[in-house]
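The block underneath contains the structure these notes are about, expressed in C-alpha cells.
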Amino acid sequence: MNLFTDIRALVLSAIGALQAEGTLPEGLNTAPVTVEPPRDPLHGDMATNAAMVLAKPARLKPRDIAEALATRIASDPRVSSAEVAGPGFLNLRLAPSLWQALPRAVLDRGADFGRSGMGQGAKVNVEYVSANPTGPLHVGHTRGAVFGDALASLLDFAGYEVTREYYINDGGAQVDVLARSVYLRYLEAHGQAVEFADGTYPGEYLIAVGEKLKERVGDRFLNTGEQVWLEEVRDFATAEMMDLIREDLAMLGVRMDRFFSEKSLYGTGRIEAAIESLKDKGLIYRGVLEPPKGKTPEDWEPREQTLFKSTEHGDDVDRPIMKSDGAWTYFSPDIAYHYDKVQRGYDQLIDVFGADHGGYVKRMKAAVSALSDGQTPLDVKLIQLVKLFKNGEPFKMSKRAGTFVTLRDVVEEVGPDVTRFVMLTRKNDAPLDFDFDKAIEQSRDNPVFYVQYAHARVCSVMRKAAQAGVDVSDAALSAADLSVLSHEAELGLMKKLAEWPRLIEIAAKGHEPHKVAIWLNELASDLHGLWNRGHDDPTLRFLQDDPATSQSKIALARAVAVVISAGLGILGVTPMEEMR
RNA sequence: GCACCCAUAGCUCAGCUGGAUAGAGCGUCGCCCUCCGAAGGCGAAGGCCUCAGGUUCGAAUCCUGAUGGGUGCGCCA
C-alpha cells in the first residue's frame, strides 16, 4: 500500500478523462508527473506538478489545466479538497479516513509493511568490504561493510534478488608479503631474533599465526629457502586471515553469501577467457601510453604494453593489462572477476570501494560495459574516510605506530548497533566524524539513542496497558476504532507513516541507505512530539481511562514501533524494548 | 597538468533526483518539571546554498567556467 502511487494513479486517470473529452490533447508524456508531499504542510497533504509539466506540450496555461484537473479529482471520495496554487500546483487534501487506515495496514502487514515490488526480482550483486586478507579489518572497512550490508538489505526490501559478495585479493604480491611476515613470526616462535624490514607487516596479530604455524609444521621450514615454504605458508596465512576477517564481520552482524577468491582466477584460464572476450570485440592491442602530463615520473620511459581500449567505453586513457614480463597487471583479474559476475546473469552490479579507489571507477565501468555489451550497469559507491574522536579530540591513527583502530576495537567499545547506525547517518561520499563518547551518549543529539528510545517508549506504554488489562495484541489493535484519531498531531504521525513505502523506493533507487536512518530519526521525532503534547493535552496520551480508546491510541503507537523496527532491521540494528 | 568526489546557519550535517517562504541537531538567548519515561519540552535569533554565467514556467539540485578542500594518475594491489 503506497498512498502516493494510489493518488498518482488518480491524477493520471483524471488526465485521461480530460483527454477523452477533448480538453487535453492525446499523446502526452505523463512520466514527469509526480505526486509528493509538499514541504509546507499548509499546502495540503499531497501536491502534483501535472499541470505545469503538461502545459507546454498541451499548449495550454498551467493554471487552466490545474483547474480542470481539480474539478475532476475533487469528485473522488478519497479527496476532501483540491486547490490550485502558485504557478500551477494542484494541492490535495485527503479524507482523514484514508490516513486513519494506515495503522491498521501496518499492523496487518507487520514488518513487511513498505516492502516493495519495485525491483521485480531483478538480480543484483553487491560487492563490499573486499579487504586484502593481510590483517584485521579497520574502521575504514567497517564503514564499507555496514554500508554494503544495509544497501543489500534495502534492495532486498525493495524487491530485488540480492547477492552479497566479498572479493578476496589473495592472488597478488601482498599475500607473499604476508607469508614472509608470518615466516618471521614462525622463526620468532622458534626462539630466533628477527627483524621486520620494509615491506613486511610487523603487526602483532601475526604472532599467534606464527606460533600456530610452528605447531603445524614443527621445524620443517627452519633453515630453508622461500621456494620450499612460500606457497604453503601463503595458503596457511591467508586462510588464517580470512578466518579473522569472518570473525570481525560476524561481530558486526555482517554476513556474506559468497566469498570469491582472486586466486581461483589464476591458472584456470579464466583471466585468459575474459581477455579473449575483449579481444573478440577488438579492444585489446599492443601500444605505448603517453606519460601523464604535468607530473611525469622521474624514471619514465616509453614502453610497449598490452592495453585494453577502455577509452571506447568512457575511460580517459587505455589501461595496461599485462606487464612487460608477461605477467598480468592487477587490473586483469578484476576484469575476469567482473566478467564472471556478468556471466552469472546479474541485471545490475554494485561495487563498494574506499574513496582512495576513486581513480579506478572509470576503468572498471569501462570493463563491465565492454564485457556485457553495455547491458549490465555497474554502480560504484565510494566510501569516504572515518575520522575518529574521543571526547571531541581527534583520535590519531597510525599504521606505523601500530595504533590503527580496528573494527574489533570499535565494536567492543560501543557495540554493533551503535557502530552500524552512526555509520549510516551520513551519505557515503561525505566524510564521517565518529566520536566514541557521543556514540554511546543517551541524549537527543545521538540519533541512535533517539530512535531506539522511541521504540522503547512504545513498548513501555504497551506493557503498562497490558498490566491494566488492555488487550494490546496486534489483532486486537487492528480491530480498534481508528476514527477517533482525529487530532492534527495524530494525523501528522499517520501521514509520516504513509511516507515509508515511498521512502524505501527512493532510497533503493538511489542506492542510499542513509536515507532510511535519516527518515527514522524524523519518525522518532514525530512520535516524541506527540508524546510531549500529551503533557499539556491529556486526550493525546496513549493510555486512556477507557480501554477501547487506549487501544485506538496504542494502535498508532504500535504501528510506529513496527515501522521503526522494520527500518532498523534494514540497517541491521536491533530495536530495544527497554532502555532503563 | 588531467580525472573523480566535495563546498548549505557559528559547528556537524539533511534537503525526497527540477518545485512553492531552504530544514534538523549542537551551540547562543528566553521561558517550562504536581504531567503515560524531564537521560527532557516550548519558543527566538541565526542564510548571497563558495563565486560568475547558462538551461526553463521554476535551480541548493542540471550544464559551463572560476575559487577552495579531498582522492587518484604506465610493469603496487
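Of everything in segment A:414-438, what is within 20 Å of the chain's Cα centre (by Cα) and more than 9 Å from RNA strand B (Cβ to nearest atom)? Give them in sequence order.
Listed by number, the residues that qualify are A:GLY415, A:PRO416, A:ASP417, A:VAL418, A:THR419, A:ARG420, A:PHE421, A:VAL422, A:MET423, A:LEU424, A:PHE434.
Scan (1) surrounded by fewer than 17 Cβ atoms within 10 Å (Cβ to Cβ); (2) touching a residue at least 60 places away in the same chain (Cβ under 8 Å) for the single condition A:ARG164 breaks and write down its number.
(1)
What are the residue pairs meeting all of these: first residue in segment A:247-267, first residue within 16 Å of A:VAL411 (Cα to Cα), second residue part of a helix (DSSP H, G or I) and among the polar types (S, T, N, Q), Cβ atoms under 7 Å, and 6 or more apart or on different chains?
Here the result reads A:LEU252/A:THR142; A:LEU252/A:THR419, each pair linking segment A:247-267 to a residue that is part of a helix (DSSP H, G or I) and among the polar types (S, T, N, Q).
Working only within segment A:528-580, note down all residues that are under 30 Å from the mean Cα position of the chain (by Cα), in a loop (DSSP other than H, G, I, E, B) and more than 7 Å from RNA strand B (Cβ to nearest atom).
A:GLY572, A:VAL573, A:THR574, A:PRO575, A:MET576, A:GLU577
Could you please find all residues in segment A:416-425 being of a type outside the set (Val, Ile, Thr) and in contact with a helix residue (DSSP H, G or I) (Cβ under 6 Å, 6 or more places away or on another chain)?
A:PRO416, A:ARG420, A:PHE421, A:MET423, A:LEU424
Quick check on segment A:103-121. Is at least one of its residues farther than 27 Å from A:ALA47 by Cβ and in contact with a strand residue (DSSP E or B) (Cβ under 6 Å, 6 or more places away or on another chain)?
yes
Condition check ((1) buried (at least 21 other Cβ atoms within 10 Å of the Cβ); (2) farther than 30 Å from A:LEU206 by Cα; (3) among the acidic types (Asp, Glu); (4) free of Cβ contacts under 8 Å to residues at least 60 places away in the same chain) across all residues:
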residue: A:PRO62; (1), (2), (3), (4): yes, yes, no, yes
residue: A:SER80; (1), (2), (3), (4): no, yes, no, yes
residue: A:ASP108; (1), (2), (3), (4): no, yes, yes, no
residue: A:ALA150; (1), (2), (3), (4): yes, yes, no, no
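Would you say A:VAL516 is more than 8 Å from RNA strand B (Cβ to nearest atom) and over 28 Å from the mean Cα position of the chain (by Cα)?
No; evaluated as a whole, the condition is false for this residue.
Please state which one of A:VAL194, A:VAL182 is part of a loop (DSSP other than H, G, I, E, B), open to solvent by less than 80 Å² (accessible area, probe 1.4 Å) and in contact with a helix residue (DSSP H, G or I) (Cβ under 8 Å, 6 or more places away or on another chain).
Of the residues listed, the single one that is part of a loop (DSSP other than H, G, I, E, B), open to solvent by less than 80 Å² (accessible area, probe 1.4 Å) and in contact with a helix residue (DSSP H, G or I) (Cβ under 8 Å, 6 or more places away or on another chain) is A:VAL194.
Limited to segment A:143-177, what total is found for residues that are closer than 24 Å to A:PHE260 by Cβ, in contact with a Gly (Cβ under 8 Å, 6 or more places away or on another chain) and within 16 Å of RNA strand B (Cβ to nearest atom)?
6
Mind checking which strands (runs of 3 or more DSSP E) fall wholly inside segment A:236-335 and carry at least 3 residues that are within 15 Å of RNA strand B (Cβ to nearest atom)?
A:284-288, A:304-308, A:319-322
The values are calculated or read from the model by the stated rules, or taken from the named source; none is laboratory data. Because the structure is a prediction, the values reported are computed rather than measured. Reconstructed Cβ throughout: ideal geometry from the backbone, glycine too, with neighbour counts over all protein chains shown. Note: areas computed on protein heavy atoms with side chains; ligands, DNA, RNA excluded. Shrake-Rupley method; radii C 1.70, N 1.55, O 1.52, S 1.80 Å.
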